[in-house]
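A quick write-up on the structure given underneath.
No value in this document is a laboratory result; all are computed from the given coordinates. Being a predicted model, the structure only gives us computed values, none of them experimental. Glycine also receives a Cβ, built like all others from the backbone with ideal geometry; neighbour counts cover every protein chain displayed.
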Number of protein chains: 2
Amino acid sequence: MRTVWLNGTFVPETEAKVSVFDRGLNFGQSVYEVTPVLDGHFCNWPHHQARLERSMALARIVDDTDWQPVLTELIARNGLVEGRVYLQVTAGEAPDRAFPLPDPAIPATRIAFTQADRLLDNPLAETGLRIVLRPDLRWQLRSAKTTQLLYAVMMKAETREAGVDDAWLVENGVVTEATSSNAYIIDAHGVLVSHPVDSGVLPGVTRIGVASIARELGLAVEERPFTPDELFAAREAFSSGAGTLVLPVVEVDGRPIGSGAPGPITAELRRRYVALLKAQ
Amino acid sequence: MRTVWLNGTFVPETEAKVSVFDRGLNFGQSVYEVTPVLDGHFCNWPHHQARLERSMALARIVDDTDWQPVLTELIARNGLVEGRVYLQVTAGEAPDRAFPLPDPAIPATRIAFTQADRLLDNPLAETGLRIVLRPDLRWQLRSAKTTQLLYAVMMKAETREAGVDDAWLVENGVVTEATSSNAYIIDAHGVLVSHPVDSGVLPGVTRIGVASIARELGLAVEERPFTPDELFAAREAFSSGAGTLVLPVVEVDGRPIGSGAPGPITAELRRRYVALLKAQ
């Protein structure tokens with residue numbers, strides 16, 4: 001049984017509970033981070049911490065937990081070698097449900113747990129993802145990592161029913177991102193293209209590493225939206241996220257991307273990104 | 001101390017807790033209803049039940065709780081005479097956090113609690129609401145009553161800071177709804193106008209009663225979007241919701257609506273709506 005960290009205490013996972021008056025539960029007033037764990041170490045923490053602070057500011061959550069020692073001990077107590085560590089901060093347990101922020105202020109609810117998983121040996125890195133395009137109907141403030149995730153859940157359910165691996169979302173004629181990761185193409189000219197980081201997409205931590213490696217490889221990197229037509233004409237396509245690292249896309253709406261097999265640039269980006277994580 | 005109903009059991013409110021792996025908490029995969037209670041009876045239940053079923057279908061939540069006896073007993077146990085009864089259904093406590101729906105399926109988490117409040121003797125019915133206009137940045141599937149409510153929370157906080165009572169939301173040049181209620185005008189021609197019930201707004205239960213009473217009063221009722229300019233030129237404006245019933249709007253972005261005092265049609269709609277609830 002896992003040990004979960006809840007509001008300063010390590011507890012068995014079956015005892016980790018929050019009030020039915022928690023504002024995360026009633027209003028989705030809640031933010032989170034997912035950090036990859038390799039060789040028992042969690043990676044990229046400064047980027048996750050910076051984004052968490054931005055997300056909390058938008059969601060009007062105030063908390064100054066020092067997460068680094070918490071996550072370190074949580075990983076040790078659970079003996080986690082490879083996988084993810086998840087943390088969530090909600091606006092706290094209110095005395096009663098009401099839209100206005102409680103006055104006086106209440107303490108945030110703070111949760112962290114580990115998830116064992118094989119990040120490196122992922123069969124989808126070999127086979128590639130088959131995806132579909134779906135309209136992006138999410139809220140407009142997507143640069144914050146909040147738990148407004150129902151649309152992502154709905155899309156994951158639809159893609160499973162469609163027999164594919166994921167959906168990429170389209171808004172105003174351009175691809176924004178995947179259901180829970182950033183989306184990229186290597187376009188017909190060999191340029192790496194991805195939606196700019198604005199309120200339309202999450203500023204992915206993995207994305208920072210991917211863009212930096214792409215430049216090392218001598219690729220031109222353009223942060224601009226791309227259309228479904230550019231996606232269909234792309235040499236390669238891939239997604240990136242903290243739990244999946246870099247995964248090639250081989251098929252979109254039943255049509256092959258490039259050769260229909262994982263692309264060589266994507267494979268090299270994944271290889272180098274894994275090396276970057278291991279070197280931390 | 002209140003008694004809360006949780007998954008079939010009546011418990012003290014301090015013991016009503018859900019797992020940190022609840023999909024309502026992690027993903028906002030959760031729907032709710034708020035029903036007015038007058039003279040110890042909860043009102044309009046068939047409409048709330050029908051909407052709850054539609055919300056659950058969209059959010060992919062399966063549950064067949066027979067709510068009527070649950071809410072009846074909960075109100076009795078808490079001795080509630082006037083106020084609201086709130087219920088929430090989440091996609092349940094998963095064995096671990098993951099976007100895909102758990103397979104095999106897990107039972108929904110079901111919560112209900114009462115809130116004592118004075119619905120009838122509301123000073124805002126006399127003074128009217130002062131509101132501001134804000135962009136509607138919420139997700140596009142607003143006809144379902146889900147807990148994707150962070151934007152509403154943010155707007156409530158902004159309006160408090162601005163020293164006003166509420167915000168009405170504007171998208172593509174038209175008013176959609178208030179932060180947590182439906183929005184209406186009596187336009188310059190004496191017509192009752194409100195955004196049509198589509199994916200842009202919640203199909204309010206109070207709204208059904210309001211529209212029916214308006215027709216009884218001989219008002220023309222048009223379900224169509226209205227612009228901020230039409231709002232500024234309106235004779236009257238008001239909002240409706242299960243907790244607020246009908247409340248006049250007297251000022252928008254610092255400009256008076258009509259005479260700047262609560263309008264006579266709004267007052268009559270509120271009076272008749274209260275009578276309708278009391279007659280149930």
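A few points about this structure:
- Positive-end ranking of B:Gln68, B:Cys43, B:Tyr32 along the dipole of the range B:1-105, with charges on Cβ about the Cα centre, is headed by B:Tyr32.
- By other beta-carbon atoms within 10 Å, ranking B:Ser212, A:Ser30, B:Ser181 with the fewest at the front produces B:Ser212, B:Ser181, A:Ser30.
- Between the listed residues B:Thr90, B:Met154, B:Asn172, the Cα displaced farthest toward the positive end of the dipole of chain B, a dipole computed from Cβ unit charges relative to the Cα centre, is found at B:Thr90.
- Whichever lysines have a C-alpha closer than 29 Å to that of A:Lys17, once near sequence neighbours (fewer than 8 apart) are set aside: A:Lys145, A:Lys156, B:Lys17, B:Lys145, B:Lys156
- Seen from B:Ala108, the other residues with C-beta closer than 11 Å to its C-beta sum to a net charge of -1, counting Lys and Arg as +1 and Asp and Glu as -1.
- Dipole magnitude of the range B:20-177, debye to nearest 20 (Cβ charges: Lys/Arg +1, Asp/Glu -1, about Cα centre): 300 debye
- Sorted by Cβ density within 10 Å, fewest first, the residues B:Asp136, B:Asp229: B:Asp229, B:Asp136
- Using the Cβ of A:Glu171 as centre and a radius below 9 Å, the other residues enclosed give a net charge of 0, where K and R count +1 and D and E count -1.
- Distances in nm from B:Ser199 to the matching label points in the other copies, shortest first (labels 7 Å along Cα to Cβ): 2.0
- Take the Cα of B:Ala157, go 7 Å toward its beta carbon, and the backbone nitrogen atoms of the range A:39-61 under 15 Å from that spot belong to A:52-61.
- Taking other C-beta atoms within 10 angstrom as a stand-in for reagent exposure, A:Leu6, A:Leu133 fall in the order A:Leu133, A:Leu6, fewest first.
- Alpha carbon centroid spacing (whole Å) that separates the range B:180-198 from the range A:74-141: 39 Å
- Dipole of the range B:223-280 computed with +1 at Lys/Arg Cβ and -1 at Asp/Glu Cβ about the Cα centre; of B:Ala242, B:Pro264, B:Gln280, farthest Cα towards the positive end is B:Gln280.
- Chain A, helix-only ellipticity at 222 nm - DSSP H runs n ≥ 4, -39,500 (n - 2.57), divided by all residues, nearest 500: -8500 deg cm²/dmol
- Sorting B:55-63, B:240-248, B:252-260 by average packing, meaning the other beta carbons within 10 Å per residue, from highest down gives B:240-248, B:55-63, B:252-260.
- Rounded, prolate or oblate (a/c below 1.5 giving rounded, otherwise prolate when a/b exceeds b/c) for the range B:124-278 by Cα gyration tensor: rounded
- Here the Karplus curve 6.51 cos²θ - 1.76 cosθ + 1.60, taken at θ = phi - 60°, turns the phi angles of the range A:54-70 into couplings of 5, 5, 5, 4, 4, 7, 6, 10, 10, 6, 10, 3, 8, 6, 4, x, 4 Hz, with x standing for Gly and Pro.
- Loop trypsin sites (Lys or Arg not before Pro), the range A:89-179, which have at most 16 other Cβ atoms in a 10 Å radius of their Cβ (DSSP): A:Arg118
- Of all DSSP beta bridges confined to the range B:124-278, the antiparallel ones make up roughly 65%.
- Each Lys and Arg adds +1 at its Cβ and each Asp and Glu adds -1 at its Cβ; summed about the Cα centre, the protein assembly as shown shows a dipole of about 260 debye.
- Taking Cβ atoms as reference points and 11 Å as the exclusive limit, the residues near B:Ser240 contribute a net charge of +1, counting Lys and Arg as +1 and Asp and Glu as -1.
- Antiparallel DSSP beta bridges within chain A, percent to nearest 5: 80 percent
- Taking Cα centre as origin and charging only the Cβ of basic (Lys, Arg, +1) and acidic (Asp, Glu, -1) residues, the dipole magnitude of the range A:126-214 rounds to 220 debye.
- For the range B:137-149, 3J(HN,Hα) computed residue by residue from phi via the Karplus equation (6.51, -1.76, 1.60; θ = phi - 60°) reads 10, 6, 5, 8, 10, 8, 6, 8, 8, 9, 8, 6, 10 Hz, glycine and proline entered as x.
- Spin-label zone in the range A:29-46 - amide nitrogen under 16 Å from a point set 7 Å from the Cα of A:Leu120 along the C-beta vector: A:36-43
- Amide H to amide H, with H built 1.01 Å from N, B:Glu177 comes under 5 Å of B:Leu169, counting only residues 5 or more places away or on other chains.
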